[in-house]
Amino acid sequence: MELQPYLHTIARNFDATSVFVVFLVIVLAHLVPYLSDPAGLRAYPGPTLAKLSRAWLAWIAYHGRISTSVHEAHQKYGTFVRISPVEVSIAHPEALQQIYGHNTGTTKSDMYDAFTQFGGIPSVFAARDRVEHARKRKIMSHRFNYLAFDVIGDLAFGSPFGMLVAARDSTQIATSQKAAMESYGVEDAKLEYVTISAVDAVNVASSIVVFLGVLPPWIRPIMARFFATKMRATGELASMVVTAVAKRLVSSVSRQDLLSKLLEGRDEQDTALSKNELSAESLTLLVAGSDTTANSTGAITYFLAQNPNIQAKLQEVLDQVLGPPGGDSENGDVASYNEIKNIEYLQDVINEGLRLHSTVGVGLPRVVPESGMTVLGKTFAPGTVVSCPLYTLHRLPSVWGNDAEVFNPDRWSKGDRATMLKAFAPFSVGPRACLGRNLASMELFVYIATIFHRYSFVLRTPDQELGVDDGFVRKPLGVYVGVKRREFRMT
């Protein structure tokens, strides 16, 4: 059937009256719930559009400023801000445990359904059902903490994606995701490949998924068609994962990597992960283990380059532990985690970097259970969505002082550390906290210590601000730096 005659037929039958009726239905669909106020949220302040529609959240997510826009709303309206017809954002340290802590009964919102791939099978990150999440977490929980100092492609799948060797952002993926999954464990499988931009696929996929996720579920398939080009990136990302898994399962490599640990994992019924589940968890490993760590290390490097005095202090401390700089990098002078794990100032630098640049700055939405819940003395009805915005929490003057926007690692040793830690949650808290937080911390320790012991960094433009694209994961944008090898000088 030709498209043009079909569209003409629709146009002839879709007259002005029909347009008005559709418009009226849409308006009423948003206005009636607001006026009837079944969840009792009308008293909470917030942007007018946000009270009526999820379009406000979708708009700021699409334009990469979701955390900062919610932060500005809190600065204007206070601790409680209504950011959608069903969601209230709560910027207070005590809200962290009350929303995300153990035994709260909250579950993840329908936003996480947008993160599913592989036939709609959720990973441990996207699982909303508490029983299903507990099953997946049991399989995965202890498999993140074995010794590993390597990039996530090597760590997760037994071999890197080859981008460092090739010195370019490219990797090969199977042209057929289905064929790649069917080849799991099959020797000499005949697959066809295509080269893609891996980093670009991760960036585009994560932003479009969150944009769709904050919209009502019924409209997501419709909107996905309007963003077909961006949606292609989600398929490329999934194909990148199944290609790596397929190669690893027939590899002769005998090392114990995360994928081998997933294959060994069993739940209480001694059931292993299915192919779809294995693929879903591998996708989580790739995004959570590479994209997020890269964002954090990039931001911390920027802050240290912007503050040469702080950089010099860190290097002095590192020299005291690791010895003078100037070793031969080709012979492997990577800092040992055991050597550096107790360097307090290194921990303070990393904490301060994660405070100002949390990988995820927006509040993670949770659904109030059937019993209802109370947060900071306010009662919320079942089904209401509540969240605690980390970007705002990490900038509260009541916790961090009037210089909350300043990169100052000394605040951790000179201020009230216990109070600060209660408001510090770069990996979230409670039963849904990041499973890989210990591994991520190890990676950050080793990277920052090794790089800054070996090199000095400066910004090409000293007063340049760090641009950030913030659809969900906060991605630092381009900043030019100068890098110089440090040399040991006798004094």
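The values are calculated or read from the model by the stated rules, or taken from the named source; none is laboratory data. Predicted model, so just to flag it, every value in this text is computed and none were measured. Quick reminder, even Gly has a Cβ in these numbers, built from the backbone with ideal geometry, and neighbours come from all protein chains shown.
Computed quantities for the displayed model
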{"read-out": "Test: residue in region 250-265 that is farther than 30 Å from residue 87 by Cβ, crowded, with 16+ Cβ neighbours inside 10 Å, modelled with pLDDT of 85 or more and touching a helix residue (DSSP H, G or I) at 6+ places or on another chain (Cβ under 7 Å)", "value": "no"}
{"read-out": "Enumerated helices (runs of 4 or more DSSP H) restricted to region 388-463, each holding at least 3 residues that are within 15 Å of residue 351 (Cα to Cα) and either in the same structural domain as residue 345 (by TED's automatic domain parsing) or in contact with a Pro (Cβ under 6 Å, 6 or more places away or on another chain) (or both)", "value": "390-393, 411-414, 417-422, 437-454"}
{"read-out": "Qualifying residue in region 277-285 (condition: of a type in the set (A, V, I, L, M, F, W, C) and surrounded by fewer than 22 Cβ atoms within 10 Å (Cβ to Cβ))", "value": "no"}
{"read-out": "Region 193-231, residues that are not hydroxyl-bearing (Ser, Thr, Tyr) and not in a helix (DSSP H, G or I)", "value": "194, 196, 214, 215, 216, 227"}
{"read-out": "Residue that is assigned by TED's automatic domain parsing to the domain that holds residue 411, under 21 Å from the mean Cα position of the chain (by Cα) and either under 28 Å from residue 418 (Cα atoms) or of a type outside the set (A, V, I, L, M, F, W, C) (or both), where the choices are 342, 351", "value": "351"}
{"read-out": "Filter result (of a type outside the set (A, V, I, L, M, F, W, C) and loosely packed, with under 14 Cβ neighbours inside 10 Å) within region 201-224", "value": "217, 221"}
{"read-out": "Residues that are touching a residue at least 40 places away in the same chain (Cβ under 8 Å), outside any loop (DSSP other than H, G, I, E, B) and within 25 Å of the chain's Cα centre (by Cα), drawn from region 249-277", "value": "258, 259, 260, 261, 262, 275, 276, 277"}
{"read-out": "Residue in region 314-322 that is in contact with a Leu (Cβ under 9 Å, 6 or more places away or on another chain), outside any helix (DSSP H, G or I) and at pLDDT 95 or above present", "value": "no"}
{"read-out": "Filter pass, residue 246 being assigned by TED's automatic domain parsing to the domain that holds residue 385, buried (at least 22 other Cβ atoms within 10 Å of the Cβ) and more than 24 Å from residue 54 (Cβ to Cβ)", "value": "yes"}
{"read-out": "Selection status of residue 230, over 17 Å from residue 127 (Cα atoms), touching a Lys or Arg at 6+ places or on another chain (Cβ under 9 Å) and assigned by TED's automatic domain parsing to the domain that holds residue 176", "value": "no"}
{"read-out": "Of all residues in region 196-232 being modelled with pLDDT of 85 or more and in contact with a strand residue (DSSP E or B) (Cβ under 9 Å, 6 or more places away or on another chain), the one that is nearest to residue 62 (Cα to Cα)", "value": "210"}
{"read-out": "Considering residues of region 181-234 that are more than 18 Å from the chain's Cα centre (by Cα) and small (Gly, Ala, Ser) only, the residue nearest to residue 110 (Cα to Cα)", "value": "224"}
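Each row is one residue, and each column tells you yes or no for (1) of a type outside the set (Phe, Trp, Tyr); (2) crowded, with 20+ Cβ neighbours inside 10 Å.
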| site | (1), (2) |
| --- | --- |
| 338 | yes, no |
| 352 | yes, yes |
| 360 | yes, yes |
| 366 | yes, yes |
| 371 | yes, no |
| 407 | no, yes |
